[in-house]
Amino acid sequence: MVWNPGQALFGGRYIIERKLGEGGIGITYLAKNERNELRVIKTLREDILNHDTWKPHQTKLKQDFRDEAVRLAVCRHPHIVQIENIFDEGNLPCMVIEYIEGEDLGNRLQRMGVLSEVEALLYMRQIGDALKVIHSKGLLHRDIKPRNIMIRAGKSEAVLIDFGIAREFIPNIIQRHTVYRTPGFAPPEQYELEAPRGEYIDVYALAATLYSLVTGVTPRSAEDRRRGSIPLEPPKSLNPNISDEVNQAIMRGMNLQSHLRPQSVQEWLDLLDDVKLSETPPTQVLTPHASSPTNHSPPHKPQRPTAPAPVATFQRWQCVRTLRGHSSMVVAVAISSDGRAIASGSNDNTIKLWRLETGKLLRTLGGWFSGHSSIVHTVAFSPDGQTLASGGTDGMVKLWQMRTGQLLHTLTGNSGAVWSLAFSPDGKLLASGSYDRTIKLWGMPDGKLLSDFTGHNKGVRSVAFSSDGQILASGSADKTIKTLDYSFHSKS
């Protein structure tokens, strides 16, 4: 049965305007309430309920529908679609939810193409805040994707919709959930009937949604990636205009291994802290004040004679050669102290060594058993050029013998990506800075952990020793630089 325009429901409290659409087992209508406000009424398709295949499951389908309504009702947030009422009309359960005038991000992508980074991040932060409320109620959404995010017409406001497969969870406890996934946006855990559950499931989908918004491409499915057929292409290789921070946040959020993803939405959002939003929301329509000029030109400055620029100095610089061999973005390089070798680290998870004089590829470090399992963020040569250190998203610091390419040590202890490395001038110490906000000091050559420092409030992006090795400086995403006195090591 399909309800017709003008039909009254729930004792006349709602009047049907028209059918909006149907899909799967559900159907939605546009209606008006007693205050003449537009609402959406969602119910089950009667033809599906009475179909021979589904008839034995009628009771469960109806209960699942009511459970969705209850889950939605407890999640109150400006960026979550709000529920107004739950009732039964005949033998059909119904939920009344707010009507959002606008379009979903899936349609937006098809109509206008990729979003700017600024606009995409605005929406992701809003949906991230909504997810924090959902998770605080012990729920996972499990179906975050552009089609399930509405943008209010004329506003820069994203609203998360469709809680049809949301489920309760106990963090990291193996639970039995129905196997439902949207390829490209669902993590590997959603391909399994029983698996540990946590916020990191929605983190994956949120990162995948951002991937789609800034590239216009649906990410490769977790199942295809897990089979090892084709790796996930970094979004920056599809859209070079996005920032390194966004590229890294997406890749980290979409790690196939759940324990290597940010474990909460807030932790993932923290990766985006350095990417600033414009002060004016991108889709907001502004009307200039009558007295304000619509065009702003910089004030005219009188020109004054200037000396010719010393262009000859810069003309000495020229590209000698271009080294090719990585299959993805190169994010780290270092030159040995004797000037004979270059090391490069890449998003393809490898480290390559090159002869500086000729550009010849000497060897690729790592492999299935010894290499990094994710992006190599940083590389550093020891002062004597005999050892190369590397750090990656997998949280590992690896020490390599330059002469043979052999892995000497794997240094563990970081709970987040290693972003920076520096050897002391005497080569006896190695400092590492990590996303986990720590600076660790390792003794060389055995890699023994000597000490760590936890003074930063966000990830440590850079570390550097003074020329005498007594001071270590660190730079962080918390917008601070700290100087640490390590002179006691030389005195002990």
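Observations
- Gly385 assigned by TED's automatic domain parsing to the domain that holds Leu429 and in contact (Cβ under 8 Å) with a residue 24 or more places away in the chain: yes
- Count of residues meeting criterion [closer than 30 Å to Met124 by Cβ, in contact (Cβ under 8 Å) with a residue 24 or more places away in the chain, surrounded by 14 or more Cβ atoms within 10 Å (Cβ to Cβ) and among the aliphatic types (A, V, I, L, M)] in segment 43-101: 8
- Test: residue in segment 482-490 that is part of a loop (DSSP other than H, G, I, E, B), modelled with pLDDT of 90 or more and not aliphatic (A, V, I, L, M): no
- Boolean, Lys458 is crowded, with 20+ Cβ neighbours inside 10 Å and among the basic types (Lys, Arg): no
- Test: residue in segment 462-475 that is out of contact with any strand residue (DSSP E or B) (no Cβ under 8 Å at 6 or more places or on another chain) and closer than 21 Å to Glu267 by Cβ: no
- Beta carbons closer than 7 Å, at least 6 apart along the sequence or on distinct chains, pair a first residue in segment 335-363 that is over 23 Å from Pro231 (Cα atoms) and part of a loop (DSSP other than H, G, I, E, B) with a second that is of a type in the set (A, V, I, L, M) and at pLDDT 90 or above for Gly339/Leu356; Arg340/Leu356; Leu356/Ile335; Leu356/Ala341; Leu356/Ile342; Gly359/Leu323.
To keep it simple, each residue is scored yes or no on (1) assigned by TED's automatic domain parsing to the domain that holds Leu139; (2) in contact with a Pro (Cβ under 9 Å, 6 or more places away or on another chain); (3) not in a loop (DSSP other than H, G, I, E, B).
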site	(1), (2), (3)
Ile15	no, yes, yes
Arg18	no, yes, yes
Glu34	no, no, no
His57	no, no, yes
Lys62	no, yes, yes
Leu72	no, no, yes
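- Unique match (being surrounded by fewer than 16 Cβ atoms within 10 Å (Cβ to Cβ) and under 21 Å from Arg261 (Cβ atoms)) among Ser434, Ser415, Ser451: Ser415
- Residue satisfying condition, being crowded, with 16+ Cβ neighbours inside 10 Å, of a type in the set (A, V, I, L, M, F, W, C) and part of a strand (DSSP E or B), within set Ala422, Ala464: Ala422
- Screening Thr322 with (1) out of contact with any Lys or Arg (no Cβ under 9 Å at 6 or more places or on another chain); (2) modelled with pLDDT under 90; (3) among the β-branched types (Val, Ile, Thr) gives one miss only, at (2).
Residue-wise test of (1) part of a loop (DSSP other than H, G, I, E, B); (2) at pLDDT below 85; (3) assigned by TED's automatic domain parsing to the domain that holds Leu206; (4) on the phi > 0 side of the Ramachandran plot.
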| site | (1), (2), (3), (4) |
| --- | --- |
| Ile144 | yes, no, yes, no |
| Gly154 | yes, yes, yes, yes |
| Gly164 | yes, yes, yes, no |
| Val179 | yes, yes, yes, no |
| Gly184 | yes, no, yes, yes |
| Glu189 | no, no, yes, no |
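- Top-ranked residue in segment 107-141 [being within 16 Å of the chain's Cα centre (by Cα) and not in a helix (DSSP H, G or I); ranked as surrounded by the most Cβ atoms within 10 Å (Cβ to Cβ)]: Leu115
- Evaluation of Tyr123 against (1) touching a helix residue (DSSP H, G or I) at 6+ places or on another chain (Cβ under 8 Å); (2) under 21 Å from Leu38 (Cβ atoms) (one fails), failing number: (2)
The values are calculated or read from the model by the stated rules, or taken from the named source; none is laboratory data. Bear in mind the structure is a predicted one, so any value in this text is a computation, not a measurement. Reconstructed Cβ throughout: ideal geometry from the backbone, glycine too, with neighbour counts over all protein chains shown.
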